[in-house]
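These notes concern the structure reproduced below.
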Amino acid sequence: FHGCYSVGDDQLWGVVRRKSAANTLAALKSIRAARPDGAPIYVILDNLSAHKGLKIRSWAARNKVELCFTPTYASWANPIEAQFGPLRTFVIAGSNHPNHTVLARRLQAYLRWRNANARHPDVLAAQRRERARIRSERQRRWGQPATRAA
């Protein structure tokens, strides 16, 4: 799942594809298309090698897209991670999808519902729980130095 989250608009979208450089580039192009005014876009990505290819970097430079990579083992610092908890809760948990096509349809149906009801109390509560879980998983907040276990 290539998930895209617009922090300013509080909109979530994505596509179900294998993680590859070509599919990452397609996801980046969909992000750029969502903001056709030419304003700079900052995209937070994990350190997957498929995100760092020459084609992706050169396309990003030509299209005013700044690629911001999270440090290794720091996906908790990426704002989209808090969006995946509710997605798992409402779509995947307790489900038995017969195939990937049905799962993809359910994911897209959830994304449509979520964007139409972005301020819904259930969505907000699920996002708060997921943010708390992600923060507690790392036992620190963004910007604080790592502590060593004794």
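Would you tally the residues in the range 14-46 being more than 16 Å from Glu66 (Cβ to Cβ), over 13 Å from the mean Cα position of the chain (by Cα) and not charged (D, E, K, R)?
8
Kindly indicate which of Arg140, Arg135, Arg129 is at pLDDT below 80, under 18 Å from the mean Cα position of the chain (by Cα) and open to solvent by 50 Å² or more (accessible area, probe 1.4 Å).
Arg135
Consider the range 95-123. How many of its residues are β-branched (Val, Ile, Thr) and either open to solvent by 50 Å² or more (accessible area, probe 1.4 Å) or under 13 Å from Gly3 (Cα atoms) (or both)?
Going through the range 95-123 one residue at a time, the tally reaches 1.
Is at least one residue of the range 12-31 in contact with a Pro (Cβ under 8 Å, 6 or more places away or on another chain) and under 29 Å from Leu124 (Cβ atoms)?
The answer is no, given that none of the residues of the range 12-31 is in contact with a Pro (Cβ under 8 Å, 6 or more places away or on another chain) and under 29 Å from Leu124 (Cβ atoms).
The values are calculated or read from the model by the stated rules, or taken from the named source; none is laboratory data. Here the structure is a predicted model, which means the values were calculated and not measured. Using ideal geometry, Cβ is built from the backbone for each residue, glycine included, and neighbour counts are taken over all protein chains shown. For accessibility, only protein heavy atoms count, side chains too; no ligands or nucleic acids. Shrake-Rupley method; radii C 1.70, N 1.55, O 1.52, S 1.80 Å.
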